[in-house]
Amino acid sequence: MDKKLRLEIVTPERIVYSDEIASLVVRTLSGEIGILFNHAPLIGTLQAWPAKLNMLDGSTKYINCAGGFIEVKSNKITILTPAAEVPEDIDYDRAMAAKERAEKRLRLEHRKDTDVARAEAALQRAIARLRTIEYNK
């Protein structure tokens, strides 16, 4: 019997990924979880972080997911996310510039016009993009 999982990563614009994998690791609000064949049904909230896809051939692939939700049921995994990016679609220089802007805003948090929560979210998204590139090297 093949121990495969069906994974779909869906954004409002498109299906970013749809194929079979061996296992998946994602970061939820309560920590990282691994999904293997015959995993118990699950619904969870995701943090912005690269999803680690362990492929059937033994290789590993990372896809950046900008938060969202995960559902696991009957060996099918669905990730609903506002945005997802494969490493080839991520502009390293742009992600680095976004990280630096967010860090600068957070250093200036004594200013009244700084939205700290927004700057922290931007920083997390930029770091996730950079990690996606780094992990796929």
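Here are the numbers:
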{"read-out": "Surface share of carbon and sulfur [accessible, 1.4 angstrom probe, percent] for the chain", "value": "49 percent"}
{"read-out": "Rotationally averaged projected area of region 1-61 (alpha carbon convex hull; nm²)", "value": "4.7 nm²"}
{"read-out": "Distant-in-sequence amide H partners of MET55 (H built 1.01 Å from N, under 5 Å)", "value": "ALA22, THR60, LYS61"}
{"read-out": "Other-chain or far-sequence residues with amide H under 5 Å of GLY67's (modelled H)", "value": "ALA48, TRP49"}
{"read-out": "Spherically averaged projected area in nm², based on the convex hull that wraps the Cα atoms of region 19-92", "value": "5.0 nm²"}
{"read-out": "Paramagnetic reach from THR60 in region 13-52 [backbone N under 17 Å; point 7 Å along Cα→Cβ]", "value": "21-28, 32-36, 49-52"}
{"read-out": "Spatial separation of Cα centroids for region 75-136 and region 1-55, in angstrom", "value": "20 Å"}
{"read-out": "Region 37-137 shape via C-alpha gyration tensor axes, a/c threshold 1.5", "value": "oblate"}
{"read-out": "Dipole magnitude of the chain, debye to nearest 20 (Cβ charges: Lys/Arg +1, Asp/Glu -1, about Cα centre)", "value": "340 debye"}
{"read-out": "Accessible area expressed per residue, the chain, with surrounding protein chains retained (probe 1.4 Å, Å²)", "value": "61 Å²"}
{"read-out": "Extension reserve of the ARG101-VAL116 stretch, reckoned as 0.36 nm per residue once the Cα distance is removed", "value": "4.2 nm"}
{"read-out": "Relative contact order of region 11-137, defined on C-alpha pairs under 8 angstrom at six or more residues apart (%)", "value": "22 percent"}
{"read-out": "Around GLU71: net Lys/Arg minus Asp/Glu count, Cβ-Cβ under 15 Å", "value": "+2"}
{"read-out": "Label-zone membership for region 54-87, site ARG14, 7 angstrom Cα→C-beta point, backbone N under 12 Å", "value": "84-86"}
{"read-out": "Estimated FRET transfer efficiency (ALA83, GLU134; beta-carbon r; R0 22 Å; 0.05)", "value": "0.75"}
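The values are calculated or read from the model by the stated rules, or taken from the named source; none is laboratory data. Computed from a prediction, not measured in an experiment: that's the story for all the values here. A quick note on method: Cβ atoms are made from the backbone with ideal geometry, for glycine too, and the neighbour counts reach across all protein chains shown. Heavy atoms of the whole protein, side chains included, go into the accessibility calculation; ligands, DNA and RNA do not. Shrake-Rupley method; radii C 1.70, N 1.55, O 1.52, S 1.80 Å.
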